[in-house]
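Just so you know, all these numbers are worked out from the coordinates, no wet-lab data involved. All of these numbers come straight from a predicted model, not from anything done at the bench. Cβ coordinates were reconstructed from backbone atoms using ideal geometry, including for glycine residues, and neighbour counts include every protein chain displayed.
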Amino acid sequence: MTLNELARQTAVQFQQTFHREPHWIAAAPGRVNVIGEHTDYNDGFVLPMAIDRYTVIAAAPNGSSQVTLHSGAAQSPASLDLAQPLKPGPKGYWANYPVGVIAGFVARGLKPAGFDAVISSTVPLGGGLSSSAALEVAAATLLEVITGQKLDPVEKALLCQKAEHDYAGMPCGIMDQFISVMGKENHLLLLDCRSRQPELVPMTDPSVALLITNTNVKHELTGGGYAQRRAQCEQAAKTLGVRSLRDATEDMLLQARGRMDETVFRRARHVIGEIKRTVLAAREVRASNWPVAGQLMYASHASLRDDYQVSCDELDVVVDIGRAIGPQGGVLGCRMTGGGFGGCAVALVRADHVDAISKRVAAEYEQRAKIKPTLFVSRPAAGALVLKP
Ligand code: GLA
């Protein structure tokens, strides 16, 4: 479904739910990270792109201080009163994301008037493609139009990240919100997570494509493994005497090995190597040197699997299948993407082989993992946008 079709469908749902036309429509995309995993909260580099899967919010004023949010994906609507102080609902509550964003606007003195909204999405929920960032950024984009105050893009991404920290209880880095705000068609985004300086990397070569395989498994529901990895990275930085692992080198780490728990050592080895690979990969993408970029993706996966230990059997199966197909069959590289413990893998493939590769990955994955995967190709897509101002 295209973004315009999704927007039309959401407008129809709004009409059916609230018996009037929506006044505003805003959208924000999910993302796939090509390389640079678990580096954002270590002040490192990431190289994601927005995908052409969006979360759309259609809304209209309701003349009260109430906000009513309907979501196609949720059982029951959420409502809140802007005249009362906002607070997060129970952990895992879907509306925590938009409510956290509204709270961020209120904290900046940008309190909206009451409104009704309908939310729908083509970003698979909880599939490691940043469905939560898409929801936050779509909500922030809607609030920009409602309040008539356009935020600076960096401030907007940080407001959404804070919503995720404070309202959803997930101590995420800045990658997902940044790419959902700043994505650009036909470009990857090389983001320096320390300076927050984004750099667009063109990816226009029609001979390659990014094939996303959703394993359709999620092994970790609480985010505990993520927070633990963050803490281990901080511990490693402390032992090395640096502000963050961005400032550490492999040599420094090897010298400190005896003073470090082996697990912490491995976590740091992943991060230091991954930051390097990400910068190299951006260079290779710029040069359309796809075989080398693909090798860096395989190396990233191995490091995430063995040192960072955030992969899982199903993701490893997809990467194994990619390797078995190999460059002759059109697969140049493959890796898990996102936080891990399930979710999606991303493969760099020859565009004219996409159909054959998709069929083979789907069949072999289903045979080995006993689960049906979902596969799709995405060009680098546009970041958040207003469809009806
Ligand atoms: C999740 C987080 C991001 C990032 C990735 C891992 O998607 O939201 O900030 O840390 O995991 O790279």
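For the range 300-370, report the translational diffusion coefficient in µm²/s to the nearest whole number, using Stokes-Einstein at 25 °C, 0.890 mPa s, and a Kirkwood Rh over Cα pairs. Value of D from the Cα-based Kirkwood radius: 202 µm²/s. Around the amide H of Leu188, modelled in the peptide plane, lie the amide H atoms of Val201, Met203, all under 5 Å away and 5 or more residues distant in sequence or on another chain. What the phi angles of the range 179-194 give under the Karplus curve with 6.51, -1.76 and 1.60, with θ = phi - 60°, is a coupling list of 6, 5, 7, 9, x, 9, 3, 6, 9, 8, 10, 8, 10, 7, 6, 7 Hz, glycine and proline written as x. Annotation: average projected area of the chain is 18.7 square nanometres, based on the convex hull of Cα atoms across all directions. 3J(HN,Hα) along the range 237-253, derived from phi through the Karplus expression 6.51 cos²θ - 1.76 cosθ + 1.60 where θ = phi - 60°, amounts to 4, 5, 4, 7, x, 10, 5, 8, 5, 4, 8, 9, 10, 4, 4, 4, 5 Hz, with x in place of Gly and Pro.
Length gained on full extension, Tyr93 to Arg283: 64.3 nm, using 0.36 nm per residue less the C-alpha separation. Only one residue of His353, Leu375, Val319 has its Cα farthest out toward the positive end of the dipole of the range 317-378, where Lys and Arg carry +1 and Asp and Glu -1 on Cβ, and that residue is Val319. Site-free segments of the chain were taken between trypsin sites (Lys or Arg not before Pro) in DSSP loops having at most 16 other Cβ atoms within 10 Å, sites themselves excluded; the longest one is 244-369.
Where a ≥ b ≥ c are the square roots of the eigenvalues of the C-alpha gyration tensor, would you call the range 183-257 rounded, which needs a/c under 1.5, or, failing that, prolate if a/b is larger than b/c, or oblate? Because a/c hits 1.5 or more and a/b fails to exceed b/c, the range 183-257 counts as oblate. Each of Glu37, Glu144 was scored by other Cβ atoms within 10 Å of its Cβ. Listed from fewest to most, they are Glu144, Glu37.
Around the Cα centre of the range 1-149, unit charges on the Cβ atoms of Lys, Arg, Asp and Glu (plus for the first two, minus for the last two) sum to a dipole of about 280 debye.
Which of rounded, prolate, oblate describes the range 25-118, given a ≥ b ≥ c as roots of the alpha-carbon gyration tensor eigenvalues and a/c under 1.5 marking rounded, otherwise prolate only if a/b is larger than b/c?
Numbers: a/c = 2.18, a/b = 1.75, b/c = 1.24.
Prolate, because a/c is 1.5 or more and a/b exceeds b/c.
Near the amide H of Ser64, within less than 5 Å, lie the amide hydrogens of Gly114, all on another chain or at least 5 residues away, with H placed in the peptide plane. Which shape class, rounded, prolate or oblate, goes with the range 265-322 when its Cα gyration tensor gives a ≥ b ≥ c as root eigenvalues, a/c under 1.5 marks rounded, and past that a/b bigger than b/c marks prolate? Oblate. Amide H to amide H distances under 5 Å link Arg31 with Ile51, Ser130, where only residues 5 or more positions off or on other chains count and H is placed in the peptide plane.
Which pairs, out of Lys162/Lys218; Lys184/Lys388; Lys91/Lys111; Lys218/Lys359; Lys111/Lys388; Lys150/Lys276, put more than 29 Å between their alpha-carbon atoms? Among Lys162/Lys218; Lys184/Lys388; Lys91/Lys111; Lys218/Lys359; Lys111/Lys388; Lys150/Lys276, the Cα-Cα distance tops 29 Å for Lys150/Lys276. Listed values for the range 85-90 are Karplus-derived 3J(HN,Hα) couplings in whole Hz (6.51 cos²θ - 1.76 cosθ + 1.60, θ = phi - 60°), namely x, 7, 8, x, x, x, and x replaces Gly and Pro. Summing +1 for each Lys or Arg and -1 for each Asp or Glu among the other residues whose beta-carbon sits under 13 angstrom from that of Asp152 gives +2.
Expressed as an acute angle from 0 to 90° and rounded to the nearest 10, what is the orientation of the C-alpha long axis of helix 290-306 relative to the principal long axis of the chain? Taking Cα atoms only, the helix is inclined about 90 degrees.
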